[in-house]
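Have a look at the structure below, then the notes.
The values are calculated or read from the model by the stated rules, or taken from the named source; none is laboratory data. What you see is a predicted model, and the numbers here were worked out from it, not measured in a lab. FYI the Cβ positions are ideal-geometry reconstructions off the backbone, even for glycines, and counts take in every protein chain you see. Remember, those area values only see protein heavy atoms, side chains included, never the ligands or the DNA or RNA. Shrake-Rupley method; radii C 1.70, N 1.55, O 1.52, S 1.80 Å.
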Amino acid sequence: MELSILLMEQIAKLFIMIFMGYVVVKIGLLKDEDSKVLSTLVLYLIVPCVILNAFQVDYTPEKVSGLELACIASLLLLFILLPVVNLIGKVLKLNEVETMSIYYSNSGNLIVPLVAFMLGDKWVFYACVFMGLQTIFFWTHCKKVLSHEKGFNLKKIFFNINIITIIIAITLFFAKIRLPEIITGTLSSVGAMIGPASMFVIGMLIGGMDLKKVLTNKKAYFISFMRLIVIPLIALLILKVSGLVGWNKEGEEILLIVFMAVISPVASTVTQMCQVYDNDSRYASTISVLTTLGAIVTMPLMVLVFQMVM
């Protein structure tokens, strides 16, 4: 119960950040389209800093074992949920923004600070496993769908700063190379902006919309229900059936971190990509706001269900 209360408090803080972004647009300090600059900074600078810094930990057999478990659990969920969500999208005739909103969770700018606050900094390492793997999906699958690009440009994928960062971060970890304190300190400071910056983007986009339309969009509520309730329950079933919890002495904690990454609101990256590639970023923002608000209740509830089931 204590864990659930902490979750509610932290998610409420993120929602207040969204409100701040909304206010600066409404009072005329900035325009909603100015948020595109923040989106670019988050995607190409802040997220890479978070990933690189998270893997700057001591190499130990326990860390490697935990990394393997987190990686297997993350890949299992990502690969099983993708066809499930695609099937749901086809059956219910959902558009691309809706489908991406159901599939992609806010595994970075929400889960990383939550895990650090509730469980401690040493667990952030595992939180970044799902985020790192999902980042690869973002810049392959999600980018292709939202940008309407045909096929995959392997050069663009592997020369993307996020993919390069993941490769460098993993290489440094296994090579047991620690960066100088001045660099890791800088990475940590820049990475700490991920939550506020991402939430400001969402709030600023909402500031340029009719708030009444946001709160009365019935389809967005349905998509939010799918993201916050249906997908988490499917994910929990997958983890329970897999039997992965017994693979490591800290298996329950590691799987909880992976599960938290899946049960979070819609990834702010979906909104940012919609904005960068001129898709329906306003609708994506609407879903993001509703899921962030709903997550104040659903995430603690799902954590309780996880603790009872696992």
request  = Identify the single condition in (1) under 17 Å from residue 81 (Cα atoms); (2) surrounded by fewer than 24 Cβ atoms within 10 Å (Cβ to Cβ) that residue 267 does not satisfy, given that it satisfies every other one.
outcome  = (2)
query = How many of the residues making up the range 211-239 are of a type in the set (S, T, N, Q) and touching a residue at least 24 places away in the same chain (Cβ under 8 Å)?
reply = 2
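Okay, residues lined up against (1) at pLDDT below 90; (2) open to solvent by 40 Å² or more (accessible area, probe 1.4 Å):
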site	(1), (2)
213	yes, yes
240	no, yes
259	no, no
293	yes, yes
304	yes, yes
task = State all residues of the range 33-57 that are touching a residue at least 40 places away in the same chain (Cβ under 8 Å), over 18 Å from the mean Cα position of the chain (by Cα) and open to solvent by 20 Å² or more (accessible area, probe 1.4 Å); if no residue qualifies, say none.
result = 33, 34, 36, 57
query = Tell me, which helices (runs of 4 or more DSSP H) lie completely within the range 134-205 with 3 or more residues that are at pLDDT 85 or above and of a type in the set (Gly, Ala, Ser)?
reply = 181-191
task = Taking only the range 267-286 into account, find how many residues are closer than 17 Å to residue 22 by Cβ and either within 14 Å of the chain's Cα centre (by Cα) or not in a helix (DSSP H, G or I) (or both).
result = 3
note = Of the residues in the range 198-210, those that are open to solvent by 10 Å² or more (accessible area, probe 1.4 Å) and touching a residue at least 40 places away in the same chain (Cβ under 8 Å) come to 200, 208, 209
ask   = Of all the residues that make up the range 105-133, how many are part of a loop (DSSP other than H, G, I, E, B) and crowded, with 23+ Cβ neighbours inside 10 Å?
value = 5
query = Do you know which of the residues in the range 173-185 that are open to solvent by 10 Å² or more (accessible area, probe 1.4 Å) and touching a residue at least 40 places away in the same chain (Cβ under 8 Å) is farthest from residue 280 (Cα to Cα)?
reply = 176
